[in-house]
Amino acid sequence: MQATQRELKPRLRFPEFHDAGEWEEKRLEEMFDFQSTANNSRADLSNAGDTFYIHYGDIHTKFHQYIDFSKDTIPKIQSRLYRNATFLKNGDLVIADASEDTEGIAKAVEVRGLENGVNAISGLHTILLRDLRQNYVNGFKGLLREIETVKKQIKRLAVGAKVYSVSKTVLKQVLLPLPSHPEQQKIAECLSSIDELIASQTQKLVTLKTHKKGLIQQLFPAEGETQPKLRFPEFCNAGEWEEKDFGEICNFVRGPFGGSLKKEIFVKDGYAIYEQSHAIHQDFDSFRYYISEDKFNELKRFSVQPDDIIMSCSGTMGKFAIIPKEAKTGVINQALLKLTVKKQLDIKFIKAILELPSNQEQLLSQSAGGAIKNVVSVGQIKELIFCIPSLQEQQKIADSLSSIDELITAQTQKLGTLKIHKKGLMQQLFPAMEEASS
């Protein structure tokens, strides 16, 4: 007995489409034609060429769903450096065919804002799709790859281990939804309004971070100086900051050798293992690994206390977090450095000093080849010299930066909520095609 075929309808529809019937479902090869692309590397690009060039790396890092030639900053290439590449048109869909992570597989952008007479091409590791039969309205095509069921199909069809890729042959088989043009237009307009709100809130976040960066440059002495350019009124006549070796400021403990924390000693629940992710994300609500009380006592010198600072020494290096008062009792792993700030010093101020770009450069040494960075030894860290003001001025600076951090956190959460709302709305506005065709 065959399974009952579900209707291909979204859970949420605008009132005027409630009785519009089912959506169609077609393979990508029925909807789009493949066009030719260039194969130039980033080395051929500049700001002075005569043709705009979409680089696959920019699809991953700079653009989301759409690329707008009237607004976005896009590199160029000289026409003598490429051949046989199709010039882009508004409404074309450009897909990155390679990605280092599963979320970026076949990431796509719809072309917008191209004026007559402006030449643009897509390049190496891109696939160019053109809707010659006008199956979709402009603005809707950029949404197709973000539909959850379309994403799932692409992930399932992608090949590779460290780098995931999709071919034209694979993409041809992907099933796409096809509602009527008026319904497409309504969906695109609805989601576009949310995108505008997300863009506005993103800009607010960027502005806050820029403000903090500028304030830090004013509140701390420049390299080679012992007084900042900007001081709070009550400290204007307080004199120079005092130069101190970092060894006078903190005690240091580098995490245990990897052999001390093998997976076979981990238990289901117990004392927490602090990892570099805790320093990077400053999130202390979840832990992957735990050790027993006996093991904790054995490794007690690596244990963390509230107000300790941890530093990531592996992966994303040079990130700092302060252990909160309510944090779980535990030990650091081999990828962390623990800093215990001595008395008469403000912990948040010391963290801010460590995060200054000039001090980050001192903490991370560069290999002879220049490509690989490593955290310098504890001995070298102790010898670093920092300028320190009075405790009262430390606290004033720390409080000022903390207030901005609170605004940044609130804005980040607001932005995250909007993105979750959009994702949930898309799940409602598009039918689950795999379920419908099962």
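Straight-line reach from residue 342: taking Cα to Cα under 20 Å and skipping same-chain neighbours fewer than 8 places apart, the aspartates and glutamates in range are 242, 243, 245, 248, 307, 308, 355, 383, 393, 399.
Largest GNM mean-square fluctuation among 132, 208, 337, using the chain with Cα springs under 10 Å: 132.
Charging the Cβ of each Asp and Glu at -1 and of each Lys and Arg at +1, and nothing else, the dipole of the range 29-172 about its Cα centre rounds to 220 debye. Modelled spin-label separation between residue 405 and residue 355, with each label point placed 7 Å from Cα along the Cα-to-Cβ direction: 0.5 nm.
What are the semi-axes of the equivalent ellipsoid of the range 249-360, taken as the square roots of 5 times the eigenvalues of the Cα gyration tensor, listed largest first and rounded to whole Å? It would help to have the intermediate numbers written out before the result.
Values: eigenvalues 113, 41, 31 Å².
Gyration-tensor ellipsoid for the range 249-360: 24, 14, 12 Å.
With the alpha-carbon atoms of the range 311-415 aligned to their principal axes, the span from lowest to highest coordinate is 40, 36, 30 Å, starting with the largest. Working note: Debye formula, equal point scatterers on the alpha-carbon atoms of the range 24-178, no solvent; log10 I(q)/I(0) at q = 0.12, 0.13, 0.14, 0.21 Å⁻¹ is -0.47, -0.55, -0.64, -1.43. Highest mean first, the peptides 172-179, 215-222 sorted by other C-beta atoms within 10 Å per residue fall in the order 172-179, 215-222.
Net charge near residue 203: determine it from the other residues with C-beta under 13 Å of the C-beta of residue 203, scoring Lys and Arg +1 and Asp and Glu -1. List each step's numbers first, then the result.
Working: positive: 71, 204, 209, 414; negative: 195, 196.
Summing Lys/Arg as +1 and Asp/Glu as -1 gives +2.
Any chance you could check the Cα centroid distance between the range 182-244 and the range 317-357 for me, in angstrom? Each part reduced to its Cα centre gives a spacing of 23 Å. Over all other residues within a Cβ to Cβ distance under 11 Å of residue 234, the charged ones net out to +1, with Lys and Arg as +1 and Asp and Glu as -1. If you filter the range 114-153 for trypsin sites (Lys or Arg not before Pro), then keep DSSP loop positions with at most 13 other Cβ within 10 Å, what is left? Listed in order of number, the matching sites are 133. Computed about its Cα centre, the charge dipole of the chain is approximately 660 debye, with only Lys, Arg, Asp and Glu carrying charge at their Cβ.
Report summary: the helix-based calculation at 222 nm, which adds -39500 (n - 2.57) for every DSSP H run with n ≥ 4 and divides by the residues of the chain, gives -10000 deg cm²/dmol. Using the Cβ-Cβ distance between residue 90 and residue 215 with R0 set to 35 Å, the FRET efficiency from 1/(1 + (r/R0)^6) comes to roughly 0.25.
Per-residue extension of 0.36 nm, minus the Cα-Cα distance of residue 73 and residue 292, leaves a gain of 73.4 nm for this segment. Take the Cα of residue 376, go 7 Å toward its beta carbon, and the backbone nitrogen atoms of the range 209-236 under 16 Å from that spot belong to 223-224.
Computed over the chain, relative contact order equals 17 percent, with contacts defined as Cα pairs under 8 Å that lie 6+ residues apart. Each semi-axis of the equivalent ellipsoid for the chain is √(5λ) with λ an eigenvalue of the Cα gyration tensor; in descending order they amount to 49, 28, 23 Å.
Sorted by packing (mean other beta-carbon atoms within 10 Å per residue), highest first, where do 425-432, 70-77 land?
Working: 425-432: 18.0, 70-77: 14.8.
In descending order of packing, they fall as 425-432, 70-77.
With the simple model of a label 7 Å out from the Cα in the direction of the Cβ, residue 419 to residue 163 spans 2.6 nm.
A cut-off of 5 Å between modelled amide H atoms, ignoring neighbours fewer than 5 places along the same chain, links residue 119 with 52.
Net charge of the neighbourhood of residue 166, taken over other residues with C-beta under 15 Å away and scored Lys/Arg +1, Asp/Glu -1, is +4.
Laboratory data are not the source of any read-out in this text; all were calculated from the coordinates shown. Here the structure is a predicted model, which means the values were calculated and not measured. Positions of Cβ are generated from backbone atoms using ideal geometry, with glycine treated the same way; all protein chains shown enter the neighbour counts.
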